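In what follows, a structure is listed as structure tokens, so that the remarks can point back to it.
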Amino acid sequence: MVLVEAPSDHLSETQMLIRKLRFIASIAALSIAGCATPPAPKTISETVAEYPELSTLKKLINDAGLTETLKETGPYTLFAPTNDAFKAVPAKTLDGLAKDRAALISLMSYHVLQGKIETTQFKEGTTKTVQGSSVEMYRAGPYVTVGESMVTVADVDASNGVVQIIDRVLVPPTKK
């Protein structure tokens, strides 16, 4: 058997070719990974469900039958009271809402605006809610209030609008 020794020039060209191919393969792999489909944006309902501190709101939205509405195209702005905000509501009031679905729907829809309104777009004055009544909104620098509540986490983006987390439950005015 006769072994043929490859010329040293040829070997280095082969090694260079292998290195180039590895480099190109690495770039291609990174490009493909960079083009991976990002996760689909979540709706307002799905966004609320991801925040443990909004579990009471999630339950009440569901009880009011608004979960599917807040998955629709929108856009909407949801003022989302935290669990602590609901703890400040008298138990008797929450029990009454559990027994009066129309009152619950009215309360929950009072927390929703038609249109996506980020805190930088807030204008001093009143804005009509989906419930039909108006709510007062004010902005002073980074501070934003809605009714008697303060926005504590601003502009949580959703595919169909925005969630503004607030520290108090908004109560619609009583009709006379």
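Structure summary
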quantity: Which numbered condition residue 172 misses (of (1) closer than 21 Å to residue 49 by Cβ; (2) at pLDDT below 95; (3) surrounded by 15 or more Cβ atoms within 10 Å (Cβ to Cβ); (4) not β-branched (Val, Ile, Thr)); calculated: (1)
quantity: Selected residue (criterion: nearest to the chain's Cα centre (by Cα)) from residues of the range 136-155 that are of a type in the set (A, V, I, L, M, F, W, C) and surrounded by 20 or more Cβ atoms within 10 Å (Cβ to Cβ); calculated: 151
quantity: Answer residue from the range 62-84, given it is touching a residue at least 60 places away in the same chain (Cβ under 8 Å) and small (Gly, Ala, Ser) and is nearest to residue 148 (Cα to Cα) among those; calculated: 80
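The values are calculated or read from the model by the stated rules, or taken from the named source; none is laboratory data. Computed from a predicted structure; not experimentally measured. Don't worry about glycine lacking a Cβ; one is built from the backbone with ideal geometry, like all the others, and counts go over all protein chains shown.
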